[in-house]
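Derivation of every value follows stated rules applied to the coordinates shown; laboratory data play no part. The model shown is predicted, which means the values in this text are computed figures rather than measured ones. Counting neighbours? That spans all protein chains shown, and the Cβs are built from the backbone with ideal geometry, glycine included.
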Amino acid sequence: MLATLVLLVLLFIRRAWAARVLQLALLLAAAEWMLTAIQVVQVRMARGDDYLRAAIILLAVAAVNLLAAFLFRSSRLATRYRLISATADREEQGVRTSAPAASADYLPPAATR
């Protein structure tokens, strides 16, 4: 319960370390759901019960956790949690962040007036 509250608070901390802790927690949760799915399937198979529905549900929950962990690679969340610099974000969008290489026919904008 306390760990869940701590992770909830981390959602509001806009730092790279907070995002990495959240990603790690989501990946560990996905692994736990997969292990739980294996155990539930084994128990249900041993009893002769239907196991397919339980396996699908638990693996879907694990997949949602994995998806949530990888969402931190999106540019929006990466910018929010400062996982990439503003310069890298602008370059990713195709905005030039520095002057082009000097050439004989290039004049800086101030020199053309």
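When only alpha carbons of region 25-84 are considered, Rg and Dmax amount to 15.6, 51 Å. Counting neighbouring Cβ atoms within 10 Å and putting the fewest first, the residues 72, 12 line up as 12, 72.
Length gained on full extension, residue 64 to residue 84, computed as 0.36 nm times the residue gap minus the Cα-Cα distance: 4.8 nm.
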